[in-house]
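Since the structure comes first, as structure tokens, the remarks are kept for the end.
The values are calculated or read from the model by the stated rules, or taken from the named source; none is laboratory data. Keep in mind that this is a model prediction, so the values were computed, not measured. Every residue, glycine as well, gets a Cβ built from its backbone with ideal geometry; the counts of neighbours run over all protein chains shown.
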2 protein chains.
Amino acid sequence: MANTANTANTANTADVGAGPAGLQDVRETNLGLVLRAVRALAPCSRAAVAAATGLTKTTVSSLVADLISRGLLRETGESAERRVGRPGVMLALDHRTIAAIGVEVNVDYLAVVAVDLLERDLVTRHLPFDARAAGPDACARRIAEAVRSVAADPALRDRAVIGVGVGVPGLVDSPTGTVTRAPNLGWAHTPLRARLTELLAGPPDAASGGAAAPPVLVDNDANLGAVAEYRSGHRARTRDLVYLTGEVGIGAGVLVGGELLRGSSGFAGEIGHTRMVEDGPACGCGRRGCLEALAGVEAVLRAALPDRFPGGALTRADLADLVSAAVERAEAGDPVAVAALRRAGGWLGRGAALLVNLLNPGAVVLGGYFVPLAPWLLPACRAAVRDLAFAPDAAGCVVEPSVLGLSAAARGGAMAMVDALEGGRLPLPAPRAAVPAAGG
Amino acid sequence: MANTANTANTANTADVGAGPAGLQDVRETNLGLVLRAVRALAPCSRAAVAAATGLTKTTVSSLVADLISRGLLRETGESAERRVGRPGVMLALDHRTIAAIGVEVNVDYLAVVAVDLLERDLVTRHLPFDARAAGPDACARRIAEAVRSVAADPALRDRAVIGVGVGVPGLVDSPTGTVTRAPNLGWAHTPLRARLTELLAGPPDAASGGAAAPPVLVDNDANLGAVAEYRSGHRARTRDLVYLTGEVGIGAGVLVGGELLRGSSGFAGEIGHTRMVEDGPACGCGRRGCLEALAGVEAVLRAALPDRFPGGALTRADLADLVSAAVERAEAGDPVAVAALRRAGGWLGRGAALLVNLLNPGAVVLGGYFVPLAPWLLPACRAAVRDLAFAPDAAGCVVEPSVLGLSAAARGGAMAMVDALEGGRLPLPAPRAAVPAAGG
């Protein structure tokens, strides 16, 4: 598979935020700064980049030449507005040369997405897969196989894969890429990044001892969903935003001022395990009365389709089908399904009100399987938010379904790699040709 | 009262965080940067300040001269370690010239604190006052009177008051200093900053039309309590920290990465109005079953001392006395008091677990009247956190009583003004003498 030059900096890829570069090389940081400026301003001149970044024109010209040689920027020809003297050559991101891959692991499926530097989808795949039954090692092998397959897709021909971002529903120690605890998958202390890095490395080679794997980031699925919402959702650029995953579990990805809220050990956002009632239904975490035991998708389906759970157990292939069945029944006005969805919507609203009171976000976005169920969940959900928010009118917070479907976290995983590249936290692709002369 | 030169920048004093200075004057920002460097390094040379800030030695010398003329820095004599050539003159903060005043408004008292530039207490006053009965205008007049009285205290002789930071238990629109909603005070849409600014201005004067008031900041009391905990509490510099106010109401001041979490409209932290149970006891906000209706100090006292609430009503003088009475009974082993405190501790722990799950803080600090009650609240509180936190061992979060007593928010209000001065968001005191020659 196409690959980047080295993986020396991958220990920092966990830092999806846009914070200071710390000990990173200043030049890498500045290269990223120029990339970000061009993303925001393109088409734009080198002079405009210098003005926006505060770097000198000479420095910008050198950095631009470097980025062009690495296939990340391109010149788009002359400016429409001609000036006195040499016409300004305009710059844009070069969307033809790299790809970032994102993967979302869920109880019942893997989603895999590849995006280009403009964060446009190159490939999107939804792969039914029983991660719970497979166990962590088989799951890592299935992920690696899916990533290789996407990397070999014609849409990625001649592209360097800058990295792979993987979202997992559970507590993730993102700096090491270890899944600390994911009860819905039955995983604990799973070193997923290490395993994937091993699996994605090329076959041994006498000269180098084997091709290096692309940098791998493992993060909480809700965090990556929030990244995708912030970068490309309906409420994109809402700086205080919460993304709620709608799967068997419910997790929150929280953006505060446009940055992921991680907390002191990276475990923030576990709203699904808020106790809502004493002696409530059993939760996958071993407690009772948690929000996800009341309003997680499995709980909702059990209540909406009581006849479909004769044995009590749920297998992976069921979930998507059962959601469709619940939608059908609700559309037909089935009172049991409608009442179950309304009840779940009320619980979700109580959870959302808690987010509003504690975090005061501008938007709460419902993702995953909550999206098809939203027409029946949302009225009760919004009513509960209105009733329970302390600030008048919930301080203007909107509650909306995601427009990113079941691949939000996968897309966010890919975008997190693009963000890491721009933040100087990923190795840049190797130069592809001689560095051209610096332009004006 | 001693005062600063002008109040042109007070609209920005709401921004207590250490973010970028935005449109502020670069020189004011750099003056603040030098102040912060000296605070961290003192005693230190100009060269050390240049190294720490990235400013040139010439710039640092000019800024230091300016700060010395304004009475914010002083030279402390020669360095202990002599170097080749001229011995380095060391710098320190000048703690003799300014004061910052903080005020905390509560249902039953005002706390007023003045600190110097080193954030050491100059004056601390606890003034019983029935803010609920007085109404907002009488309360503003009482605050202004208290501020004038503290400013006239011998401990503040010859000091310029750089600003007044006021904490209020409720939703505060900090940029305008308006109290949007404070149900426990019975206030709504109270323009407290405007009123205080009016009241603190000097008497009319033919030449200038009246002396300017010091800059006034109004913020949520829990936010200011968190500032104080971060700057001087037992868990100082814990970057992810939650301070819980222990008054009639319960509010959370949340620090994320050392910055106050404000949310999209500044209303974050209202944990007191999380619904914990359906059909629970009535809350001051008009709803039922809120955390503060179960574990707020008034609720706790009603349960612990049922015989002391014959008529049901609570007047301001009662609260401190009743807390003492509850402590006495609990110490004597009174089963009703002990059980009530244990129950409240359990509810507090459920609230703290929610904070742990959602925010993953390093510490949750219980403030106000929770401090004297902590010996009976904490065991059940900590047990609930252990039981309900999703991350193993609550991800290392400690739950502790504050060491700052009933004046945490007042102290935080004063510190927020010092922080604003250092952040370039407050006018600096006027130069007091001719600018001395820049030192080495």
Exercise. Is it true that some residue in the stretch A:188-197 is assigned to a strand (DSSP E or B) and either surrounded by fewer than 20 Cβ atoms within 10 Å (Cβ to Cβ) or outside the structural domain of A:PRO427 (by TED's automatic domain parsing) (or both)?
Worked result: yes
Exercise. Just wondering, is there one or more residues in the stretch A:202-211 that are crowded, with 24+ Cβ neighbours inside 10 Å and on the phi < 0 side of the Ramachandran plot?
Worked result: no
For this session: Could you list all residues from the stretch A:116-155 that are within 18 Å of A:VAL218 (Cβ to Cβ) and either β-branched (Val, Ile, Thr) or not assigned by TED's automatic domain parsing to the domain that holds A:THR97 (or both)?
Result: A:ILE143, A:VAL147, A:VAL150
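Quick check on the stretch B:149-158. Is at least one of its residues assigned to a strand (DSSP E or B) and at pLDDT below 95?
The answer is no; no qualifying residue exists.
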Exercise. So which of B:LEU341, B:LEU319, B:LEU358 is in the same structural domain as B:VAL297 (by TED's automatic domain parsing) and at pLDDT below 95?
Worked result: B:LEU319
Exercise. Taking only pairs six or more apart or across chains, which ones have beta-carbon atoms under 9 Å, a first residue in the stretch B:423-440 that is surrounded by 11 or more Cβ atoms within 10 Å (Cβ to Cβ) and at pLDDT below 55, and a second residue that is among the basic types (Lys, Arg) and in a loop (DSSP other than H, G, I, E, B)?
Worked result: B:GLY440/B:ARG86
Problem set entry | Neighbours by Cβ (under 7 Å, 6+ apart or cross-chain): first from the stretch B:279-297, assigned by TED's automatic domain parsing to the domain that holds B:ALA340; second of a type in the set (Asp, Glu) and crowded, with 24+ Cβ neighbours inside 10 Å | B:CYS283/B:GLU292; B:VAL297/B:GLU247
Exercise. What about A:ALA194, is it free of Cβ contacts under 8 Å to residues at least 12 places away in the same chain and either under 17 Å from A:ASN106 (Cα atoms) or more than 14 Å from chain B (Cβ to nearest Cβ) (or both)?
Worked result: no
Exercise. In the stretch B:404-417, which residue that is more than 8 Å from the chain's Cα centre (by Cα) and more than 16 Å from B:ARG193 (Cα to Cα) is surrounded by the most Cβ atoms within 10 Å (Cβ to Cβ)?
Worked result: B:SER407
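Filter the stretch B:366-403 down to the residues that are more than 14 Å from every other protein chain (Cβ to nearest Cβ) and either crowded, with 23+ Cβ neighbours inside 10 Å or of a type in the set (Lys, Arg) (or both) and list them by number.
Keep residues of the stretch B:366-403 that are more than 14 Å from every other protein chain (Cβ to nearest Cβ), which gives B:366-382, B:400-403.
Within the stretch B:366-403, B:LEU366, B:GLY367, B:GLY368, B:TYR369, B:PHE370, B:LEU373, B:TRP376, B:LEU377, B:CYS381, B:ARG382, B:SER402 meet the criteria.
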Exercise. Looking at the stretch A:313-325, which of the residues that are farther than 21 Å from A:GLY280 by Cβ and of a type in the set (A, V, I, L, M) is farthest from the other protein chains (Cβ to nearest Cβ)?
Worked result: A:ALA325
Exercise. Which condition number does B:GLY177 fail, the rest of (1) in contact with a strand residue (DSSP E or B) (Cβ under 9 Å, 6 or more places away or on another chain); (2) at negative phi; (3) more than 14 Å from chain A (Cβ to nearest Cβ) being met?
Worked result: (2)
Exercise. Do we find that A:ALA2 is modelled with pLDDT of 70 or more and of a type in the set (A, V, I, L, M, F, W, C) in this structure?
Worked result: no
Exercise. Conditions: (1) within 14 Å of chain A (Cβ to nearest Cβ); (2) over 13 Å from B:ARG386 (Cα atoms). B:ALA353 meets all but one. Number of the miss?
Worked result: (2)
Seminar exercise, completed: Conditions (1) in contact (Cβ under 8 Å) with a residue 40 or more places away in the chain; (2) among the hydrophobic types (A, V, I, L, M, F, W, C); (3) surrounded by 17 or more Cβ atoms within 10 Å (Cβ to Cβ) -> B:ALA182 fails only (1)
Exercise. Considering B:ALA151, B:ALA144, B:ALA111, which residue is more than 28 Å from B:GLY246 (Cβ to Cβ) and in contact (Cβ under 8 Å) with a residue 24 or more places away in the chain?
Worked result: B:ALA151
Exercise. Could you list, in sequence order, the residues of the stretch B:87-123 that are of a type in the set (S, T, N, Q) and surrounded by 21 or more Cβ atoms within 10 Å (Cβ to Cβ)?
Worked result: B:ASN106
For this session: Among residues belonging to the stretch B:260-285 that are surrounded by fewer than 24 Cβ atoms within 10 Å (Cβ to Cβ) and more than 8 Å from chain A (Cβ to nearest Cβ), point out the one that is farthest from the chain's Cα centre (by Cα).
Result: B:ASP279
